[in-house]
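Novice: First the structure, then my questions, so here it is.
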Amino acid sequence: MDLLTRLTRATLRRPGIALFAGLAALFPAGWLASHLEFESSFTALLPESYQAVKDLNAGIERTGGSAFAVVAVGSQDRAAAERYADALHQKLITLPSIRYVQSKLDIRFIEDRQLLYLTEARLEELVEEVQEEIDARTIKGAGLDLGLDDPKPSDKTAPPPSIDLGARFIEEAKKNNLPTDPYMVGKDGKYLYLFLALKGDTGNLGWAREAQATLEQTAKEVRDQGPFPKDLELRFSGSLVIRLEEDAFLQSDLRTASAVGFCAVVLLLVLYTRRPRTLLLLSFPLLVGLTFTFAFAELAIGRLNIISGFLASILSGLGIEFAIHLYLRHLEERGRGKGVDEAAEASMATTGRSLVGSALTNAGAFFVVSFAGFQGFSEFGVIAGVGMLLTLSVTLLLFPALNVALERIRPMKVAPIVEGEGDGLFVPQWLQATVLVGMTSFFVFSVYELSQGKVLFRTNWREIKGESPASDFDDYIIESLGGSFTQSLVLVEKRADLAAVEEVVEAIEAKRKAAGKPVGITGTLSLDDLIPARQKAKLEWIQKLDAALARIKPERLDEAGQKTLARARELTQVQPFDLPQVPDSLKQRFLTTQGEGSLVILRTNYLFYEHTQVVDWADEMDELRAELQQRGLETPIISENWLAGTVFKIIIGDGPFILLATLIVVFLVILIDFRSLGKAALVLSALMIGQISIAGAMALFGIELNFINAAILPIIVGVSIDNAVHIYHRFLEGGPDSIPKVLRYTASATSLSSATNLMGFGAMILAHHKGLRSVAELAILGITLTFLSTSVFFPLALGVLGRRIPWLSKH
């Protein structure tokens with residue numbers, strides 16, 4: 001007597017004890033599950049052992065936080081928008097959550113010292129230009145004689161163009177990476193932007209909600225209480241707002257998909273069986289199994305992520321399969337005249353064994369996913385694998401007990417099954433041939449499409465991101481400003497190391513160019529860009545320039561010329577300066593909250609829409625960090641795009657390994673189950689026909705892979721292989737002549753279980769997140785095709801091959 005038989009008989013003798021144990025355990029498990037948190041951050045799901053994570057955490061601790069917000073001020077009156085930005089700035093800097101506000105830069109400070117920002121070579125050229133123009137005009141005696149002749153009082157003219165230093169400012173400032181506009185305004189001029197660096201991290205959602213509420217309230221109060229136009233528009237974006245909106249959408253998606261998935265599965269079963277008691281009989285073991293699963297998740301991991309958060313919906317479809325097969329087999333046994341207890345025992349002895357095998361293959365597939373480097377997938381794999389085993393155990397214990405208890409209270413009326421030709425689903429020969437030839441042809445077509453590279457991989461990860469007003473507006477801001485507010489920073493301990501960091505950046509650029517690799521870093525910005533080098537040496541040239549300008553007599557210039565000359569003489573009176581004299585508006589973005597060290601901004605032209613750019617950036621950051629360490633510079637790099645690129649690399653690298661490992665694990669479990677290499681290969685081949693056919697269907701329907709939905713491929717292997725396992729077990733029970741019964745009873749059960757899987761995965765189609773919707777689309781396609789290959793093509797093929805190859809039908 002095997003374990004399942006002993007368990008069944010013990011349960012049938014005392015069904016009340018089993019039901020009481022299930023109910024008693026449900027409440028503490030429910031209490032644990034209720035404390036499970038939801039982590040909606042994608043980049044937070046990288047193991048902390050990665051350098052990108054270590055550096056980000058170290059940087060957040062030193063800088064006070066990585067969160068930022070953007071306030072966009074829209075008005076047809078530009079002057080009013082600037083006044084509002086100034087007023088809001090003064091209010092915001094008093095808030096405890098604000099590190100600094102960048103709204104209006106003190107450009108005048110740079111303009112007044114613009115000569116010090118020029119190189120000595122450029123200053124020498126400027127002095128020569130001014131002197132040559134003055135000498136040329138003196139010699140020619142044309143227009144302006146500089147007071148060397150006896151001019152007429154009316155001989156007033158413009159000064160030499162070279163002394164119009166103000167006109168040179170914008171051109172020279174751009175060369176030296178210096179700002180030229182005090183306000184940030186988009187290309188279309190529609191919005192003026194304020195950038196807010198915050199003292200916190202978006203991972204702390206409680207703090208984030210409070211900070212965002214305070215920000216919006218303050219901005220609106222300043223607008224409503226001040227003398228500003230009524231049409232003044234305020235919009236908000238930035239990492240703070242985007243994270244909160246995406247979290248809200250994901251939470252909503254999670255609740256909707258879980259509820260819809262669970263209800264759709266139960267409703268489908270009620271409609272299929274047309275028995276009201278089915279609602280309790282099938283959903284109760286599932287509910288207990290799900291509760292135990294999420295209690296385990298709380299104890300083992302403590303959170304759900306954006307992938308595992310949808311397990312309630314997915315496991316609703318997968319977990320209820322166990323009860324479906326037991327229930328339908330019980331109805332069949334009752335229809336053949338067996339009593340309640342005898343039918344329950346027979347169901348467990350036959351179908352129960354298949355369930356154990358299919359559950360182990362499902363769990364094995366999920367456990368393989370748990371080895372993924374990306375924690376979003378690894379946590380999903382652990383919870384789903386354990387969840388499958390827990391739900392199986394609960395179903396094997398509670399379903400017979402509840403079924404027998406209900407039968408004893410009110411026996412089911414089951415139509416008797418008459419043995420004979422009517423006992424089965426007979427498929428005409430022409431239809432069998434059509435199915436076999438059609439499925440084989442489509443499989444060959446799919447192999448061809450796959451070999452020709454027709455299955456495309458979507459590289460633009462922004463197209464599969466979460467949808468929210470804030471993220472859409474962020475895309476507009478990036479386009480309008482020509483870059484993102486999300487910065488990559490290098491945290492440097494000493495100002496003396498700034499030059500060394502720049503040298504390393506240039507070395508990495510040269511190295512990557514020589515290797516033919518893309519270069520994302522276009523330069524650096526640091527305190528050194530605000531504090532010119534060799535100021536005393538430059539003063540000598542500036543004094544020579546002043547001496548040249550002194551030769552020009554103001555009274556010989558027109559009014560505009562006099563102003564130009566006065567401004568030029570004013571600029572030459574500049575004195576050397578250092579960091580304390582630099583206004584906060586210019587230097588605050590380079591400083592840490594603790595006042596120790598400074599930040600280097602890594603400039604880039606990347607917009608990070610393409611995931612290939614993000615991956616290339618991560619490679620470049622890896623090289624930069626390694627080179628810095630090699631030169632003895634322990635300087636953390638704070639870059640969320642480095643983190644995102646590392647995640648993408650892990651997902652892309654793990655994909656082929658996980659798919660191959662899943663197939664190997666599934667094959668080994670099948671081999672143990674059937675104890676035959678040939679039979680195990682036969683069962684797996686039925687699945688692979690459907691799995692490979694996915695490629696052909698994707699090419700036909702224009703469905704693309706991406707770094708999120710690619711993970712569903714190994715999962716489809718796990719959730720679909722049990723169809724073939726159940727079909728083959730039933731085939732072995734009756735031999736080649738049992739195909740009509742296999743189609744009527746077992747295939748009908750696998751069709752119902754596949755439909756529940758479709759409901760579970762399909763509920764994700766309601767998600768706002770495009771990537772999660774793509775998971776649902778691919779899952780629906782994959783489950784449908786693997787159902788056709790395992791539950792339609794496979795039994796028909798067994799009917800043909802079983803008569804020609806005797807060992808196929810032998811136990």
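The values are calculated or read from the model by the stated rules, or taken from the named source; none is laboratory data. Remember, predicted model here, so these are calculated numbers, not experimental data. Note: ideal-geometry Cβ built from the backbone for every residue, glycine included; neighbour counts use all protein chains shown. Heads up: the accessible areas ignore ligands, DNA and RNA and are worked out on the full protein's heavy atoms, side chains in. Shrake-Rupley method; radii C 1.70, N 1.55, O 1.52, S 1.80 Å.
One line per residue, one yes/no per condition, for (1) surrounded by fewer than 18 Cβ atoms within 10 Å (Cβ to Cβ); (2) in contact (Cβ under 8 Å) with a residue 12 or more places away in the chain; (3) within 28 Å of the chain's Cα centre (by Cα); (4) assigned to a loop (DSSP other than H, G, I, E, B):
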{"residue": "ALA197", "(1), (2), (3), (4)": "no, yes, yes, no"}
{"residue": "THR202", "(1), (2), (3), (4)": "no, yes, yes, yes"}
{"residue": "GLN212", "(1), (2), (3), (4)": "no, yes, yes, no"}
{"residue": "PHE228", "(1), (2), (3), (4)": "no, yes, no, yes"}
{"residue": "ASP231", "(1), (2), (3), (4)": "yes, yes, no, yes"}
{"residue": "LEU244", "(1), (2), (3), (4)": "no, yes, yes, no"}
{"residue": "LEU250", "(1), (2), (3), (4)": "no, yes, yes, no"}
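Novice: Of (1) within 18 Å of PRO15 (Cβ to Cβ); (2) free of Cβ contacts under 8 Å to residues at least 40 places away in the same chain; (3) of a type outside the set (S, T, N, Q), PRO285 satisfies all except one. Which?
Specialist: Among (1) within 18 Å of PRO15 (Cβ to Cβ); (2) free of Cβ contacts under 8 Å to residues at least 40 places away in the same chain; (3) of a type outside the set (S, T, N, Q), PRO285 violates only (2).
Novice: If I filter segment 530-540 down to residues being open to solvent by less than 60 Å² (accessible area, probe 1.4 Å) and part of a helix (DSSP H, G or I), which single residue comes out as farthest from ALA626 (Cα to Cα)? Working first, answer last.
Specialist: Initially, segment 530-540 is screened for residues open to solvent by less than 60 Å² (accessible area, probe 1.4 Å), giving 530-532, 535, 537-539.
Remaining after also requiring part of a helix (DSSP H, G or I): 530, 535, 537-539.
On the way: LEU530: 28, GLN535: 34, ALA537: 36, LYS538: 37, LEU539: 40 Å.
Filtering segment 530-540 for residues that are open to solvent by less than 60 Å² (accessible area, probe 1.4 Å) and part of a helix (DSSP H, G or I), the one farthest from ALA626 (Cα to Cα) comes out as LEU539.
Novice: So how many residues does segment 86-130 have that are in a loop (DSSP other than H, G, I, E, B), closer than 25 Å to VAL73 by Cα, touching a residue at least 40 places away in the same chain (Cβ under 8 Å) and open to solvent by 40 Å² or more (accessible area, probe 1.4 Å)? Let's see the steps before the verdict.
Specialist: Initial filter on segment 86-130 (in a loop (DSSP other than H, G, I, E, B)): 93-97, 103, 105-106, 113, 118-119.
Restricting the remaining residues to those that are closer than 25 Å to VAL73 by Cα gives 93-97, 103, 105-106.
Next, only the ones that are touching a residue at least 40 places away in the same chain (Cβ under 8 Å) stay: 95-97, 103, 105-106.
Keeping just the survivors that are open to solvent by 40 Å² or more (accessible area, probe 1.4 Å) gives 96, 106.
Total satisfying the criteria: 2.
Novice: If ILE163 passes every condition in (1) hydrophobic (A, V, I, L, M, F, W, C); (2) at pLDDT below 85; (3) open to solvent by 10 Å² or more (accessible area, probe 1.4 Å) but one, which one does it miss?
Specialist: Condition (3) is where ILE163 drops out.
Novice: Something else about it: Go through segment 284-303 and count every residue that is farther than 15 Å from LEU23 by Cβ, among the aliphatic types (A, V, I, L, M) and open to solvent by 20 Å² or more (accessible area, probe 1.4 Å).
Specialist: Residues that pass the stated criteria total 3.
Novice: Next question, about the same structure. What number of residues in segment 37-85 are of a type outside the set (Phe, Trp, Tyr) and outside any helix (DSSP H, G or I)? Outline the logic, then answer.
Specialist: Narrowing segment 37-85 to residues of a type outside the set (Phe, Trp, Tyr): 37, 39-41, 43-49, 51-67, 69-83, 85.
Still in the list and also outside any helix (DSSP H, G or I): 37, 39-41, 46-49, 64-67, 69-77.
Number satisfying all stated conditions: 21.
Here's the yes/no breakdown for (1) at pLDDT 90 or above; (2) small (Gly, Ala, Ser):
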residue: SER40; (1), (2): no, yes
residue: SER49; (1), (2): no, yes
residue: VAL53; (1), (2): no, no
residue: LEU95; (1), (2): yes, no
residue: SER103; (1), (2): no, yes
residue: ASP112; (1), (2): no, no
residue: LEU118; (1), (2): no, no
residue: LEU123; (1), (2): no, no
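Novice: Let me ask you something else. Please go through segment 626-639 and give me each residue that is in contact with a helix residue (DSSP H, G or I) (Cβ under 6 Å, 6 or more places away or on another chain) and either in a helix (DSSP H, G or I) or free of Cβ contacts under 8 Å to residues at least 24 places away in the same chain (or both), ordered by number.
Specialist: GLU627, LEU628
Novice: Looking at LYS517, LYS511, can you tell me which residue is assigned to a loop (DSSP other than H, G, I, E, B), in contact with a Lys or Arg (Cβ under 9 Å, 6 or more places away or on another chain) and open to solvent by 20 Å² or more (accessible area, probe 1.4 Å)?
Specialist: Values: LYS511 fails: assigned to a loop (DSSP other than H, G, I, E, B).
After ruling out the rest, the residue left standing is LYS517.
Novice: Tell me which residues, restricted to segment 336-366, are under 30 Å from ALA297 (Cα atoms) and either open to solvent by 20 Å² or more (accessible area, probe 1.4 Å) or of a type outside the set (Gly, Ala, Ser) (or both). Working first, answer last.
Specialist: Taking segment 336-366 as the starting set, the residues that turn out to be under 30 Å from ALA297 (Cα atoms) are 348, 351-366.
Across segment 336-366, the qualifying residues are MET348, THR351, ARG353, LEU355, VAL356, LEU360, THR361, ASN362, PHE366.
Novice: Count, please, the residues in segment 749-777 that happen to be within 30 Å of PHE426 (Cα to Cα), at pLDDT 85 or above and of a type in the set (S, T, N, Q).
Specialist: 3
Novice: Among the residues that make up segment 43-61, is at least one of them small (Gly, Ala, Ser), open to solvent by 10 Å² or more (accessible area, probe 1.4 Å) and touching a residue at least 24 places away in the same chain (Cβ under 8 Å)? Lay out the reasoning, then the answer.
Specialist: In the first step, residues of segment 43-61 are kept if they are small (Gly, Ala, Ser); the result is 44, 49, 52, 58-59.
When the remaining residues are screened for being open to solvent by 10 Å² or more (accessible area, probe 1.4 Å), the result is 44, 49, 58.
With touching a residue at least 24 places away in the same chain (Cβ under 8 Å) added as a condition, the list becomes 44, 58.
Yes.
Novice: Among the listed residues VAL386, VAL369, identify the single one that is surrounded by fewer than 23 Cβ atoms within 10 Å (Cβ to Cβ) and within 29 Å of ASP654 (Cα to Cα).
Specialist: Being surrounded by fewer than 23 Cβ atoms within 10 Å (Cβ to Cβ) and within 29 Å of ASP654 (Cα to Cα) holds for just one of VAL386, VAL369, which is VAL386.
Novice: Specify which of the listed residues (ASP622, ASP654, ASP616) is of a type in the set (Asp, Glu), at pLDDT 90 or above and over 30 Å from ARG495 (Cβ atoms). Show your work before the answer.
Specialist: Numbers: ASP622 fails: over 30 Å from ARG495 (Cβ atoms); ASP654 fails: at pLDDT 90 or above.
None of the others qualify; the one that does is ASP616.
To keep it simple, each residue is scored yes or no on (1) free of Cβ contacts under 8 Å to residues at least 24 places away in the same chain; (2) β-branched (Val, Ile, Thr); (3) open to solvent by 70 Å² or more (accessible area, probe 1.4 Å); (4) part of a helix (DSSP H, G or I).
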position	(1), (2), (3), (4)
GLU463	no, no, yes, yes
GLY523	no, no, no, no
ASP528	no, no, no, yes
ILE542	no, yes, no, yes
ALA548	no, no, no, yes
ALA560	no, no, no, yes
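Novice: To continue, here is another question. From the list SER809, SER753, exactly one residue is over 30 Å from SER283 (Cα atoms) and more than 24 Å from the chain's Cα centre (by Cα). Which is it? Outline the logic, then answer.
Specialist: Details: SER753 fails: over 30 Å from SER283 (Cα atoms).
Criteria check complete, one pass: SER809.
Novice: Could you check segment 575-625 and list, in sequence order, the residues that are in a helix (DSSP H, G or I) and under 24 Å from GLU479 (Cβ atoms)?
Specialist: Applying the first criterion (in a helix (DSSP H, G or I)) to segment 575-625 yields 579-581, 584-590, 611-625.
Selection gives ARG589, HIS611, THR612, GLN613, VAL614, VAL615, ASP616, TRP617, ALA618, GLU620.
Novice: Considering only segment 488-507, how many residues are crowded, with 19+ Cβ neighbours inside 10 Å and under 20 Å from TRP642 (Cα atoms)?
Specialist: Residues of segment 488-507 that are crowded, with 19+ Cβ neighbours inside 10 Å, as a first pass: 488-492, 497-498, 501, 504-505.
Of the ones still in play, those that are also under 20 Å from TRP642 (Cα atoms) are 488-492, 501, 504-505.
The qualifying residues number 8.
Novice: Would you say LEU565 is hydrophobic (A, V, I, L, M, F, W, C) and assigned to a helix (DSSP H, G or I)? Give the derivation first.
Specialist: Values: hydrophobic (A, V, I, L, M, F, W, C): yes; assigned to a helix (DSSP H, G or I): yes.
Spelling it out, LEU565 is indeed hydrophobic (A, V, I, L, M, F, W, C) and assigned to a helix (DSSP H, G or I).
Novice: Considering each residue of segment 640-684, count those that are of a type in the set (Lys, Arg) and part of a helix (DSSP H, G or I), and give that number.
Specialist: Start the filter on segment 640-684 by keeping residues that are of a type in the set (Lys, Arg), which leaves 649, 675, 679.
Next, from what is left, pick out any that are part of a helix (DSSP H, G or I): 649, 679.
Adding up the residues that qualify gives 2.
Novice: Tell me, which residue of segment 323-377 that is among the basic types (Lys, Arg) and either in a helix (DSSP H, G or I) or in contact with a Lys or Arg (Cβ under 9 Å, 6 or more places away or on another chain) (or both) is farthest from ILE409 (Cα to Cα)? Before you say what the answer is, go through the steps one by one.
Specialist: Of all residues in segment 323-377, those among the basic types (Lys, Arg) come to 329, 334, 336, 338, 353.
With either in a helix (DSSP H, G or I) or in contact with a Lys or Arg (Cβ under 9 Å, 6 or more places away or on another chain) (or both) added as a condition, the list becomes 329, 334, 353.
Details: ARG329: 20, ARG334: 16, ARG353: 28 Å.
Per the criteria, the residue is ARG353.
Novice: Can you pull out every residue in segment 245-285 that is modelled with pLDDT of 80 or more and among the aromatic types (Phe, Trp, Tyr)?
Specialist: Answer for segment 245-285, where residues must be modelled with pLDDT of 80 or more and among the aromatic types (Phe, Trp, Tyr): PHE249, PHE284.
Novice: OK, next. Please determine whether any residue of segment 217-226 is closer than 16 Å to SER313 by Cβ and among the acidic types (Asp, Glu).
Specialist: no
Novice: Out of all the residues in segment 408-417, is one or more among the hydrophobic types (A, V, I, L, M, F, W, C), touching a Pro at 6+ places or on another chain (Cβ under 6 Å), closer than 30 Å to THR5 by Cα and part of a helix (DSSP H, G or I)? Even if it seems obvious, please write down each step before you answer.
Specialist: Residues of segment 408-417 that are among the hydrophobic types (A, V, I, L, M, F, W, C), as a first pass: 409, 412, 414-415, 417.
Within this subset, residues satisfying the condition of being touching a Pro at 6+ places or on another chain (Cβ under 6 Å) are none.
Within segment 408-417 (the criterion being among the hydrophobic types (A, V, I, L, M, F, W, C), touching a Pro at 6+ places or on another chain (Cβ under 6 Å), closer than 30 Å to THR5 by Cα and part of a helix (DSSP H, G or I)), the answer is no, since none of the residues qualifies.
Novice: Could you count how many residues in segment 749-792 are more than 18 Å from VAL719 (Cβ to Cβ) and either open to solvent by 10 Å² or more (accessible area, probe 1.4 Å) or not in a helix (DSSP H, G or I) (or both)? It would help to see each step written out before you state the result.
Specialist: Within segment 749-792, the subset more than 18 Å from VAL719 (Cβ to Cβ) is 766-771, 773.
This time we only want the ones that are either open to solvent by 10 Å² or more (accessible area, probe 1.4 Å) or not in a helix (DSSP H, G or I) (or both), so: 766-770, 773.
Result for segment 749-792: 6.
Novice: Taking the condition aliphatic (A, V, I, L, M), more than 19 Å from the chain's Cα centre (by Cα), assigned to a helix (DSSP H, G or I) and under 25 Å from LEU456 (Cβ atoms), does LEU732 pass? It would help to see each step written out before you state the result.
Specialist: Values: aliphatic (A, V, I, L, M): yes; more than 19 Å from the chain's Cα centre (by Cα): yes; assigned to a helix (DSSP H, G or I): yes; under 25 Å from LEU456 (Cβ atoms): no.
So LEU732 does not fit the description; no.
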